[in-house]
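The values are calculated or read from the model by the stated rules, or taken from the named source; none is laboratory data. These figures come from a predicted structure and were not determined experimentally. Neighbour counts are summed over all protein chains in view; Cβ atoms, including those assigned to glycine, are modelled from backbone coordinates with ideal geometry. We work out accessible area using only protein heavy atoms, side chains counted, and drop any ligands, DNA or RNA first. Shrake-Rupley method; radii C 1.70, N 1.55, O 1.52, S 1.80 Å.
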Amino acid sequence: MHYVAVIDKDADSAYGVRFPEVPGCFSAAGTFAEILPNSIEALSLFFEGTQPAPPQGIESVRKQVADDMASGAVLMMIPYVRDRKRIVRVNLSLEKGFVDTLDEAARMRGMTRSAFVKKAATREILDPA
């Protein structure tokens, strides 16, 4: 599930992020790179303990914020990542050589295999390009 974020920035301010589909949910970021992780966290915290509102879709939001976009605001799709705070065991099938390399990379960073895979997957989710 993704929500549309409206992002704008004045010359001497941080990036402002708001969600027209989720009134009252907003975020800010000091750099463009921080917009996505900060926005994901904002959605997760906003919906904590509640059922998320259904997204309206980008076309609906685009119509609502046409004036803002004409003034330079941009839209970004933000995934809703529910923080369930419950650890689950998963089974992955990977080549032995890859697992050995993965384990060595995790050890070099002082991490467990699980922590390393989570960090790498999170990075890929946040920046799929």
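Largest GNM mean-square fluctuation among Glu48, Glu21, Glu59, using the chain with Cα springs under 10 Å: Glu59. Comparing Ala70, Ala29, Ala11 in a Gaussian network model of the chain, where Cα atoms under 10 Å apart are tied by springs, the biggest mean-square fluctuation is seen for Ala11. Per residue, the stretch 11-106 exposes an accessible area of 68 Å² to a 1.4 Å probe, with every protein chain left in place. Its Cα gyration tensor gives the stretch 50-109 an equivalent ellipsoid, and the semi-axes of that ellipsoid, as √(5λ) in whole Å with the largest first, are 42, 18, 11.
Could you work out what % of the accessible surface of the chain is carbon and sulfur, using a 1.4 angstrom probe and leaving DNA, RNA and ligands out of the count? Roughly 56 percent of what the probe reaches on the chain is carbon or sulfur.
Output the 0 to 90 degree angle, nearest 10, between the alpha-carbon long axis of helix 113-126 and the longest principal axis computed from the alpha carbons of the chain. Between the helix axis and the principal axis of the chain, the angle is about 30 degrees.
For Val74 and Val117, the FRET efficiency from 1/(1 + (r/R0)^6), where r spans their Cβ atoms and R0 equals 25 Å, is about 0.20. Within the straight-line cut-off of under 18 Å between alpha carbons, the aspartates and glutamates reachable from Lys9 are Glu34, Asp67, Asp68, sequence neighbours fewer than 8 places apart in one chain being disregarded.
Measuring nothing but how far apart in sequence close Cα pairs (under 8 Å, 6+ apart) lie, relative to its length, the chain scores a relative contact order of 26 percent. The Rg/Rh ratio for the chain is 1.07, where Rg is the radius of gyration of the alpha carbons and Rh is the Kirkwood radius. Net charge of the neighbourhood of Ser71, taken over other residues with C-beta under 12 Å away and scored Lys/Arg +1, Asp/Glu -1, is -3. Relative to the longest principal axis of the Cα atoms of the chain, helix 35-46 runs at roughly 90 degrees.
For the chain, the mean residue ellipticity at 222 nm estimated from helices alone is -11500 deg cm²/dmol, where every DSSP H run of n ≥ 4 contributes -39500 (n - 2.57) and the total is divided by all residues, rounded to the nearest 500.
Largest to smallest in accessible area, the residues Met1, Met108, Met77 fall in the order Met108, Met1, Met77 (1.4 Å probe, all protein chains included).
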